[in-house]
1. Please determine whether any residue of the range 29-42 is within 16 Å of the ligand (Cβ to nearest atom) and either in contact (Cβ under 8 Å) with a residue 40 or more places away in the chain or assigned to a loop (DSSP other than H, G, I, E, B) (or both).
2. From the list 195, 186, 252, 221, which residue is among the acidic types (Asp, Glu) and under 16 Å from the mean Cα position of the chain (by Cα)?
3. Within the range 194-213, track down each residue that is farther than 14 Å from residue 365 by Cβ, away from the ligand (no atom under 15 Å from the Cβ) and surrounded by 24 or more Cβ atoms within 10 Å (Cβ to Cβ).
4. Name the residues in the range 104-159 that are of a type in the set (Asp, Glu) and in a strand (DSSP E or B), would you?
5. Looking only at residues in the range 219-229 that are aliphatic (A, V, I, L, M) and touching a residue at least 40 places away in the same chain (Cβ under 8 Å), which one is farthest from the ligand (Cβ to nearest atom)?
6. Is there any pair linking a residue in the range 122-147 that is polar (S, T, N, Q) to one that is within 16 Å of the ligand (Cβ to nearest atom) and at pLDDT 95 or above, with Cβ under 7 Å and at least six apart or on different chains, and which?
7. So for the range 265-282 (the condition being closer than 19 Å to residue 120 by Cβ, in contact (Cβ under 8 Å) with a residue 40 or more places away in the chain and surrounded by 14 or more Cβ atoms within 10 Å (Cβ to Cβ)), does at least one residue qualify?
8. Please verify whether the range 9-30 includes one or more residues that are of a type in the set (Val, Ile, Thr) and loosely packed, with under 14 Cβ neighbours inside 10 Å.
Amino acid sequence: GKKIAIVTSGGDAPGMNAAIRGVFRSTKRRDPDHEIILFNNGFRGLAGRLEASMDVDVQRRELRDILNRGGTCIGTGRVPELLPADPDAPDAEERREAREAFLDVAAVNLYQLEVSGLVVIGGDGSYRGAHAIAEAYRAKFGRSLKVVGIPATIDNDIYGTDYTIGYDTAVGNTVDALRKIRDTVESHRRAVILEVMGNASGWLALSAGIAAGASTILIPEIAETYDPRAVVGRCVAALEGDYRYFIIVMAEGVKKASGDERYGEHLAKYIAQSERIHEVLGHPMSVRNNVIGHLARGGPPSAFDNILAARFARGAVKVVLGETELPDGVDDVAMSLRGRQVVPMPLGEVVGHGPRLVSRDDELFAISQDLT
Ligand code: F6P
């Protein structure tokens with residue numbers, strides 16, 4: 001059939017709406033007869049009772065005024081059943097069956113609707129779901145469905161793409177927050193810890209910290225960045241260098257990496273009780289904790305994110321409509337920005353690599369070492 005279905009999945013990201021709109025317009029421009037279907041609330045919408053969970057043959061006016069809004073106008077969601085079950089878990093068999101049942105309904109729905117291409121806008125977890133749906137479809141119907149991933153997550157942690165939709169906006173929001181924090185923290189000669197999202201990666205923390213001139217940036221990938229003694233050493237150096245404040249940007253993943261879910265509070269205490277800092281200041285350091293959390297994920301998307309979304313959307317439509325040829329045997333891909341080009345990469349390859357994490361060799365990490 002001449003039908004393209006769109007789903008947004010996982011954590012919402014500013015710019016997802018621009019991607020939806022982009023897929024709609026880039027499709028209609030090429031073939032006005034092609035129909036667009038929108039599934040609501042992530043993969044649940046596509047594996048549920050369809051009449052309640054989708055919009056068929058969407059018209060242009062239905063997508064009016066979505067471009068400059070954050071979030072996703074069709075809703076999103078996380079589907080724990082879709083995650084591959086841990087084979088050692090006591091309920092592994094039940095979970096495997098639940099996952100297969102979910103995938104089966106999704107594949108049947110897509111088949112019955114005669115969808116020719118499914119565009120999944122989301123992050124790493126969503127890509128896994130998308131890849132599993134493509135596999136389930138092929139296994140069940142003996143032919144392939146084109147499934148195209150568009151990378152959208154504020155974490156910027158998808159393998160193979162330089163940028164994901166939403167990251168730039170979240171960095172901007174975090175920089176705004178850091179500028180505000182600096183005003184108050186500087187007035188008090190304080191230290192402050194701002195915990196930011198990013199899942200297991202430190203990209204958001206690194207970029208925002210560099211852009212706003214944070215005193216130090218703690219990321220889960222590199223243990224020495226969050227060693228409390230090293231943090232105090234950096235704080236002493238800052239105070240001796242006549243700085244009135246010490247701003248710590250901490251990626252949320254540090255909590256898991258350090259094995260301490262209350263790492264932020266414990267670090268604050270450690271700094272407050274540091275004798276070395278006491279000596280420099282003449283009194284103990286006052287420290288405060290802040291968590292920006294979802295505030296970084298909302299609000300209007302940046303121009304960069306909206307443009308990136310339009311590029312990925314156009315690339316995805318070209319794949320679904322066959323304008324971009326895929327290598328033999330590949331029918332599910334992820335659109336990726338590599339340098340200046342948007343290219344499709346096999347979804348299986350992207351999923352196989354797992355999330356993209358910061359390494360010591362990354363330029364951004366090296367910059368953070370130079371500047372903080
Ligand atoms: O993946 C995006 C993200 O914002 C992560 O940075 C964060 O760990 C997670 O989602 C939060 O998820 P939720 O919105 O479900 O609390």
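1. Let us first name the residues in the range 29-42 that are within 16 Å of the ligand (Cβ to nearest atom), namely 41-42.
With either in contact (Cβ under 8 Å) with a residue 40 or more places away in the chain or assigned to a loop (DSSP other than H, G, I, E, B) (or both) added as a condition, the list becomes 41-42.
Yes, there is a match, as at least one residue in the range 29-42 is within 16 Å of the ligand (Cβ to nearest atom) and either in contact (Cβ under 8 Å) with a residue 40 or more places away in the chain or assigned to a loop (DSSP other than H, G, I, E, B) (or both).
2. On the way: 195 fails: under 16 Å from the mean Cα position of the chain (by Cα); 186 fails: under 16 Å from the mean Cα position of the chain (by Cα); 221 fails: under 16 Å from the mean Cα position of the chain (by Cα).
Matching residue, one of 195, 186, 252, 221: 252.
3. Within the range 194-213, none qualify.
4. Quick first cut of the range 104-159, residues of a type in the set (Asp, Glu) only: 104, 114, 124, 135, 155, 157.
The answer is none; no residue qualifies.
5. Step one: list which residues in the range 219-229 are aliphatic (A, V, I, L, M), which gives 219, 222-223.
Going one step further and asking which of them are touching a residue at least 40 places away in the same chain (Cβ under 8 Å), we end up with 219, 222.
Numbers: 219: 13, 222: 18 Å.
Looking at the filtered set, the residue picked out is 222.
6. These pairs meet every condition: 126/9; 126/10; 126/120.
7. Keep residues of the range 265-282 that are closer than 19 Å to residue 120 by Cβ, which gives none.
No.
8. Taking the range 9-30 as the starting set, the residues that turn out to be of a type in the set (Val, Ile, Thr) are 20, 23, 27.
Within this subset, residues satisfying the condition of being loosely packed, with under 14 Cβ neighbours inside 10 Å are none.
Checked against the condition, which is being of a type in the set (Val, Ile, Thr) and loosely packed, with under 14 Cβ neighbours inside 10 Å, the range 9-30 yields no hits at all.
The values are calculated or read from the model by the stated rules, or taken from the named source; none is laboratory data. Source: prediction; values computed, not measured. We place every Cβ from the backbone using ideal geometry, glycine too, and count neighbours over all the protein chains shown.
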